[in-house]
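Here the structure comes first, spelled out in structure tokens, and everything after it is commentary.
Just so you know, all these numbers are worked out from the coordinates, no wet-lab data involved. Everything quoted here is computed from the prediction, not taken from an experiment. Every residue, glycine as well, gets a Cβ built from its backbone with ideal geometry; the counts of neighbours run over all protein chains shown.
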Amino acid sequence: MDKRRIGRSDLTVAPFCLGGNVFGWTADETASFAILDRFVECGFDFIDTADVYSRWAPGHVGGESEAVIGRWLAARPGVRDRIVLATKVGMDLGEAGKGLSARHIERACEASLQRLRTDRIDLYQSHLDDGDVPLDETLRAYERLIAAGKVRAIGASNYGAPRLAEALALSATAGLPRYDCLQPDYSLAARGFEAELEPLCRAEQVGVIGYFSLAAGFLTGKYRSAEDAAGRARENRVAKYINPRGLALLDALDAVAAAHGASPAQVALAWVIARPGITAPIASATSVAQLDELLGAARLTLSAEAIDRLDRASADGIEG
């Protein structure tokens, strides 16, 4: 299967990243294991989670997704060496802390390793920029974790272009680990990444794995009115797309999908995969059937005309 590099690190991944935010939340452990098994069986290897998943759910404290993945790994001897495992640090975990101080990163890393039941994290990402902590302190904490063999490469999520550029420059001048990967909000419905971050990442050879590649499910086409989204787990995230622009985008997706014998979700992901500078889109599934549909995007090649139509239909999202 075709592989793409994450920045300048030695990590290579298939052009699809399985999002772990649903594990232990909208996908119970049995469903999660089946999804993970199918993902690896199909030849894919890149799995992304975070220590905060799924603290937002009633009764959850964070770490639920990592714990599910850890139990899956423990039950599947040999699989750990076949996957690229990514997680994130920095979001508010209540009493367990938050931010990117050295103390929190090092403590959080140990907790993630225990939940994941592994001895190393392949890609450890700053989940959110922390303006209260010097970049030097954060990067030196990662340096110690890399030296100890607990982390292989580092990345950033939700960073603006100026702050990412500052971090990359510091890494270069001080000889510190660099952010080899960026995880931004990126999809046909939200193309703001392209304005400043995309040219920076391409110039600096920073890999990109966009989250919400299906705009929280909107680009599957199943949410076309407020009533469609009512009561769903992602209702609040989807609502902002249900407007004339969003519905016109769905019309374009429907037309391209029909022309290619594909689903709207497959087309939306294939568009991201085809984008220069993108390492892989991130998407999650709550069933094996849903996963099989999404993985079809990796085998779908969009025509130049289709990409142009989708580019034009979604152009308003570049600045927002």
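Quick look at the numbers
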{"read-out": "DSSP bridge orientation in the chain - percent antiparallel, rounded to nearest 5", "value": "10"}
{"read-out": "Fraction of beta bridges assigned by DSSP in region 4-183 that are antiparallel (%, nearest 5)", "value": "10"}
{"read-out": "Cα centroid separation, region 42-121 to region 123-148 (Å)", "value": "16"}
{"read-out": "Calculated SAXS-style log₁₀ I(q)/I(0) at q = 0.10, 0.13, 0.18, 0.20 Å⁻¹ - region 4-183, Debye, Cα scatterers", "value": "-0.36, -0.62, -1.18, -1.43"}
{"read-out": "Share antiparallel - DSSP beta bridges, region 155-314, percent rounded to 5", "value": "10"}
{"read-out": "Linear extension gain, residue 114 paired with residue 258, 0.36 nm per residue minus alpha-carbon span", "value": "47.2 nm"}
{"read-out": "Listed candidates (1) 12; (2) 31; (3) 20 - label of the one calculated as percent of Cα pairs over 37 Å apart", "value": "(1)"}
{"read-out": "Charge sum, other residues only, whose C-beta stays under 9 Å from residue 11's C-beta, Lys/Arg counted +1 and Asp/Glu -1", "value": "-1"}
{"read-out": "Sorted peptide list for 208-220, 92-104, criterion being average Cβ within 10 angstrom, highest first", "value": "208-220, 92-104"}
{"read-out": "Local net charge near residue 299, Cβ-Cβ under 13 Å (Lys/Arg +1, Asp/Glu -1)", "value": "-3"}
{"read-out": "Inter-part distance where region 248-320 and region 158-224 are each reduced to a Cα centre, Å", "value": "18"}
{"read-out": "Ellipticity estimate at 222 nm from DSSP helix runs (n ≥ 4, -39,500 (n - 2.57)) divided over the chain, nearest 500", "value": "-12000 deg cm²/dmol"}
{"read-out": "Relative contact order [Cα under 8 Å, 6+ residues apart], region 4-183, whole percent", "value": "18"}
